[in-house]
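Novice: Supplied in structure tokens, the structure appears directly below.
FYI, it's all coordinate maths here, none of it is from the lab. Remember, it's a predicted structure, so these values are computed and weren't measured experimentally. Positions of Cβ are generated from backbone atoms using ideal geometry, with glycine treated the same way; all protein chains shown enter the neighbour counts.
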Amino acid sequence: MHKTRIIYGTFTVDQVLPHIGTKVKGLLTPTFSHGVHTANCFSDRLRLFKEKGTTCVTCGAEATHFLMETFNEKTRPHLNLYKIVDGEQDLLFTKDHIHPLSKGGADELYNLQTMCRLCNLAKGNTWEE
């Protein structure tokens, strides 16, 4: 089954990063709006990009933009970080667990790093002490 990618907007890194926040009990979750569409701006992945940067720690690729997108019209759009490759193709940036969860690593910001999708796939669940 092929999913249809729906893109609601393209934004620079500088347009999005200031909206990424820290969730505080009892307060609304920070959001980023574009027209009638709103994306949640609180996730470990987005906080990682804001606090540790938008450059792949392995290959040095620098992200250029966020897309507000979804793969299902019935779900809320989300923000994904990308770099344009060869003038047209988007390369997704991901959060990587330095010490993999499968090997006892924590799902906390100190154990996360920014990686492009290609480097993250190549790393897999490896870990060097």
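Novice: Can you pull out the GluC sites (Glu not before Pro) in segment 11-103 that DSSP calls coil and that have at most 14 other Cβ atoms within 10 Å? Mind dumping the intermediate values first?
Specialist: On the way: sites: E51, E62, E69, E73, E88; in loops: E73, E88.
Listed in order of number, the matching sites are E73, E88.
Novice: Loop only per DSSP, at most 11 neighbouring Cβ atoms within 10 Å: give me the trypsin sites (Lys or Arg not before Pro) in segment 44-129, ordered by residue number.
Specialist: The qualifying sites are K74.
Novice: Sticking with this structure for a sec: Of the listed pairs K50/K83; K50/K74; K83/K103; K50/K95; K3/K123, which have alpha-carbon separations greater than 21 Å here?
Specialist: K50/K74; K83/K103; K3/K123
Novice: Can you work out the FRET efficiency for the pair E51 and I98, with r the C-beta to C-beta distance and R0 = 22 Å, to the nearest 0.05?
Specialist: E(calc), rounded to 0.05, equals 0.95.
Novice: Let me ask something else. What is the gain in length, in nm to one decimal, between Q89 and C59 on full extension, counting 0.36 nm per residue of separation less the C-alpha to C-alpha distance?
Specialist: Between Q89 and C59, full extension yields 9.1 nm more.
Novice: From largest to smallest, what semi-axes in whole angstrom does the chain give when each is the square root of 5 times an eigenvalue of its alpha carbon gyration tensor?
Specialist: Those come to 24, 19, 14 Å.
Novice: For n ≥ 4 DSSP H runs only, could you compute -39500 (n - 2.57) per run for the chain, divide by its residues and tell me the 222 nm figure to the nearest 500?
Specialist: Dividing the helical sum by the residues of the chain leaves -4000 deg cm²/dmol.
Novice: For a quick check: sort V16, V57, V85 by the number of other beta carbons within 10 angstrom, fewest at the front.
Specialist: V85, V57, V16
Novice: I've got another one for you. Please list, by residue number, every one of the chymotrypsin sites (Phe, Trp or Tyr not before Pro) in segment 27-122 that is coil in DSSP and has at most 13 other beta-carbon atoms within 10 Å.
Specialist: Listed in order of number, the matching sites are F71.
Novice: If the label point is 7 Å along Cα→Cβ of I6, which residues in segment 43-85 have backbone nitrogen under 15 Å from it?
Specialist: 68-79
Novice: Now a separate question. Run the simple label-point estimate for F42 and R117 please: 7 Å along Cα→C-beta, distance reported in nm.
Specialist: Distance between label points: 2.8 nm.
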